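The values are calculated or read from the model by the stated rules, or taken from the named source; none is laboratory data. As the structure is a computational prediction, the values presented were derived from the model and not from experiment. When we count neighbours, we look across all protein chains shown, and the Cβ atoms used for this are built from the backbone with ideal geometry, even at glycine.
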Amino acid sequence: MFVRLQRVLADAGIASRRGSEEIIRSGRVTVNGKVIREMGTKVDPGHDRVAVDGAEVKARRKLYIALNKPTGYVSSRSDPHGRRTIGELLPKDWANLYTVGRLDYNTEGLIFLTNDGQVYPYDHSHNSEGAGGFSENLFVKEYTLTEQLHAFAGFFDTFTVMYPQLQGIDFRTDATHLTVPVYLIEGRFEAPGRLGPAKEWFNLLDAPAKELITFDTSGHRPLFEQPDLFAAKMRTLLAETS
């Protein structure tokens, strides 16, 4: 079976898919002794010899874990607020597993983890939003210092003011009629707990125009996971609505 070269590197734990692309561009990767720099190159992991810096890339053993997550644990491997994470419930040599979906901090239930990119094929690494995370979007070089400060303030307002106010609103009953066009962008691998209600609301929605757009390899954040496709779609929508 032929797969993209960057996926072979990511599946072997060399780097995230985005990081693997940079490694390929830098000329560090060879396939059967030939340096490969072109994105989109496909290889047969069962027959082709892939190497990085001369060291052969070997596939990792696929793991599929079902975990009964207790309450009081975050469904991730790290937490900036110092809360306990599901990583603390797993052996240290399973550090490369990622979750298939998420459960809330105070929710107990079954959650699945795997290192198989085919199960949930988008960039699951801590670097999937870029090396600087949100800072890459808040503090881009095109912004002046004043614009950066305004963006930073807006970011905090979103999470400290707007989100708490929205928690008591059910769009399926409180926002079924809008007077502006609506474009809902979803990742194909969004958590079902989010995707289901969103689609239910979208189907009920009465608006001048509406379009449901699905990004085929994204999860919760298509903006970060498929940035080129997202930007192209935004340009198209801007041209259509301006």
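What the table shows:
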item: GLY40 modelled with pLDDT under 90 and at positive phi; result: yes
item: The stretch 46-91: number of residues that are part of a helix (DSSP H, G or I) and on the phi > 0 side of the Ramachandran plot; result: 0
item: Single residue of the stretch 183-242 satisfying the filter (basic (Lys, Arg) and part of a loop (DSSP other than H, G, I, E, B)) that is surrounded by the most Cβ atoms within 10 Å (Cβ to Cβ); result: ARG221
item: Residue match in the stretch 46-56 (condition: in the same structural domain as LEU110 (by TED's automatic domain parsing), in contact with a Lys or Arg (Cβ under 8 Å, 6 or more places away or on another chain) and not acidic (Asp, Glu)); result: no
item: Scan of the stretch 68-106 for residues that are exposed (fewer than 12 other Cβ atoms within 10 Å of the Cβ), farther than 18 Å from ASP116 by Cα and under 20 Å from the mean Cα position of the chain (by Cα), ordered by number; result: SER78, PRO80
item: Identity of the residue in the stretch 174-219, of a type in the set (Val, Ile, Thr) and over 18 Å from THR236 (Cα atoms), that ends up nearest to the chain's Cα centre (by Cα); result: THR217
item: Those residues of the stretch 10-37 which are assigned to a helix (DSSP H, G or I), hydrophobic (A, V, I, L, M, F, W, C) and either modelled with pLDDT of 90 or more or surrounded by fewer than 19 Cβ atoms within 10 Å (Cβ to Cβ) (or both), in sequence order; result: ILE23, ILE24
item: Boolean, ARG7 is on the phi < 0 side of the Ramachandran plot, surrounded by 11 or more Cβ atoms within 10 Å (Cβ to Cβ) and touching a residue at least 40 places away in the same chain (Cβ under 8 Å); result: yes
item: Residue within the stretch 45-66 that is surrounded by 13 or more Cβ atoms within 10 Å (Cβ to Cβ), farther than 27 Å from LEU195 by Cβ and modelled with pLDDT under 90 present; result: yes
